[in-house]
Amino acid sequence: MKICVVGLGNIGFNLFAFLCQRFAGDVIGVDVNERRVDELRRQGYRVTGDYRDLTEIDVWLMAPSTGNQGENLFAALDQMVLCPGSLISVESTLPPGTMRRVREFLAEKGLTVGTDIYLIHVPHRVMFGVDKTVCDTPRVIGAFTEACLEKGRQFYAPLVPGLVEVSDIRVAELSKVVENVKRYIDVVFAEEIYGYCADQGVDYNELRRAVNSKNNVELLETDWGIGGECLPKDMRFLRSVCHSTLLEGAEQADRQYRSRIVRQVGSGKKVLVRGVSYKTGVKDLKHSRGVDLVSALEAAGNTVWVEDPLFTAAELRSAGFRVTDDQENENEGSVADGVVLERQRALEMELPLELDNGL
């Protein structure tokens, strides 16, 4: 069995590396990013940037970054040389309605789903920093035909702890989007309650401990706002088909929360931001609201230093940040007499006494 993973970003590479261990010698990866391909080749992985290298593939696992309307997925499908009888599993998170468009796309190529080609949707699930691989949790699987579903069972059942089969492929599409939007709303609720606690001088962490003592309730921690790639993107996907004042309000509330942090600091301050990774415990600056916060504070006329235990001072400097080690070599003075911003305590900033009236 020859397997190809399409798209070697965070999710795709995680899947690719896992399958390379399970099916040694039978897995190849493809990505349009030449630098990424060269990097993985240097690490010894079997990857390519040329779809002409991919012949007689039995299983295609689609994990490209989706794009706003699934355009990256269709660009990949257009280049794939599909063999009759092969399985296409779309693992990328999709705007609702995309799988119907994929079936129509294949039909235009003369391929009938369920007989000529087998098409399934198995949206990936992974919590980086918790799960090791995208195959560590139960997966939802949907298909247009029973024959497609059976092909999917045969491939995934030995790999994941459980398959949640759904009878309507639209349910599979919605499941991942709804999971992430539910998380988005939970975070926004936490931000709103945290803001209230900060205004009233209430200890939010103590409130969390009290609320979370009930086993079916979880009041989340807060951060610099809702970052990462998935949650904001999936909110857009759901809002494109589900017009809701709740969803609109959640996006607006998160924007206001982020703006409030910057507004409270003001301008002309020396600021230390502790924690700039996109979320606690994950060494990644892409789509980080911590990075956005630093930029916004600097744009407001502040001098900003950063600390993050996941990164060395050299790594932070190379990303364009000031680090606290540099203070003695600069003319701005020490951040010790400025503002200290802690993630998960964003609205409870440590301020010198003379700045308290500025809040």
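Given a 1.4 Å probe, how much area per residue of the chain is accessible, in Å²?
Averaged over the residues of the chain, the accessible area is 49 Å².
Using θ = phi - 60° and the Karplus relation 6.51 cos²θ - 1.76 cosθ + 1.60, list the HN-Hα couplings for segment 155-170 in order, rounded to whole Hz, with x at every Gly or Pro.
With the stated coefficients, segment 155-170 comes to 7, 8, 3, x, 9, 10, x, x, 10, 9, 7, 10, 7, 10, 4, 5 Hz.
With a bin width of 5 angstrom, please list the P(r) values of segment 283-323 as percents of all Cα-Cα pairs, from the 0 bin to the one holding the largest distance.
Taking all Cα pairs of segment 283-323, the binned fractions are 6, 23, 34, 26, 10, 2 percent.
To the nearest 20 Debye, how big is the dipole of segment 72-137 about its Cα centre, given +1 on the beta carbon of each Lys and Arg and -1 on that of each Asp and Glu?
Dipole magnitude for segment 72-137 comes out near 100 debye.
Specify which residue in the list Phe237, Cys4, Gln43 is farthest towards the positive end of the charge dipole of the chain, using unit charges on the beta carbon of Lys, Arg (+1) and Asp, Glu (-1), about the Cα centre.
Cys4
Give me the Debye-computed log₁₀ of I(q)/I(0) at q = 0.15 Å⁻¹ for segment 1-90, equal point scatterers on Cα only, no solvent, two decimals.
Taking Cα atoms of segment 1-90 as identical point scatterers yields -0.50.
For the chain, give the magnitude of the charge dipole about the Cα centre (Cβ charges: +1 Lys/Arg, -1 Asp/Glu; no others), in debye to the nearest 20. Mind dumping the intermediate values first?
Details: 42 positive and 54 negative charges, 175 e Å.
Charge dipole, the chain, about its Cα centre: 840 debye, nearest 20.
Note the listed values (1) 282; (2) 155; (3) 174, then indicate which one is volume of the Cα convex hull per residue in Å³ calculated from this particular structure.
Correct label, based on the coordinates given: (2).
Counting only protein heavy atoms, what percent of the accessible surface of segment 188-331 is carbon or sulfur at a 1.4 Å probe?
Details: 3590 of 7600 Å².
It is 47 percent, rounded to a whole number.
Segment 1-157: percent of C-alpha pairs farther apart than 23 Å?
Cα-Cα pairs in segment 1-157 separated by more than 23 Å: 32 percent.
Provide the three semi-axes, in whole Å and in decreasing order, of the ellipsoid equivalent to segment 40-111 as defined by the square roots of 5 times the Cα gyration tensor eigenvalues.
Sorted largest first and rounded, they come to 22, 17, 10 Å.
Could you look at segment 1-110 and say what percent of its accessible area is carbon and sulfur, using a 1.4 Å probe and all protein chains?
Solvent-exposed carbon and sulfur of segment 1-110 make up 44 percent of the total.
Could you pull out the pairs from Lys176/Lys270; Lys182/Lys270; Lys151/Lys286; Lys109/Lys151 whose alpha carbons sit more than 31 Å apart here? Please report the intermediate quantities before stating the final value.
On the way: Lys176/Lys270 41 Å; Lys182/Lys270 37 Å; Lys151/Lys286 36 Å; Lys109/Lys151 21 Å.
Beyond 31 Å between Cα atoms: Lys176/Lys270; Lys182/Lys270; Lys151/Lys286.
Using the crude model of +1 on Lys and Arg Cβ and -1 on Asp and Glu Cβ, and no other charge, please compute the dipole size for segment 114-269 relative to its Cα centre, in debye to 20.
The dipole of segment 114-269 has a size of about 300 debye.
Using +1 at the C-beta of Lys and Arg and -1 at the C-beta of Asp and Glu, which of Val126, Ile88, Phe74 has the Cα lying farthest in the positive direction of the dipole of segment 70-171?
Selected residue: Val126.
Between segment 239-280 and segment 159-192, what is the separation of their alpha carbon centroids in Å?
After rounding, the separation between the Cα centres reads 23 Å.
Please list, in order along segment 89-106, the HN-Hα scalar couplings obtained from phi with the Karplus expression 6.51 cos²θ - 1.76 cosθ + 1.60 (θ = phi - 60°), rounded to whole Hz, x for Gly and Pro.
So the J values, rounded to whole Hz, are 10, 8, 9, 4, 6, 10, x, x, x, 5, 5, 4, 5, 5, 4, 5, 4, 5.
On a 0 to 90 degree scale, rounded to 10, what angle separates helix 289-299 from the longest Cα axis of the chain?
50 degrees
Before rounding to the nearest 500, sum -39500 (n - 2.57) across all DSSP H runs of length at least 4 in the chain and divide by the residue total; then give [θ] at 222 nm in deg cm²/dmol.
-12500 deg cm²/dmol
The values are calculated or read from the model by the stated rules, or taken from the named source; none is laboratory data. Worth saying up front: this structure is predicted, and the values here are computed from it rather than measured. Quick reminder, even Gly has a Cβ in these numbers, built from the backbone with ideal geometry, and neighbours come from all protein chains shown. Quick note on the areas: whole protein, heavy atoms, side chains included, nothing else; ligands and nucleic acids left out. Shrake-Rupley method; radii C 1.70, N 1.55, O 1.52, S 1.80 Å.
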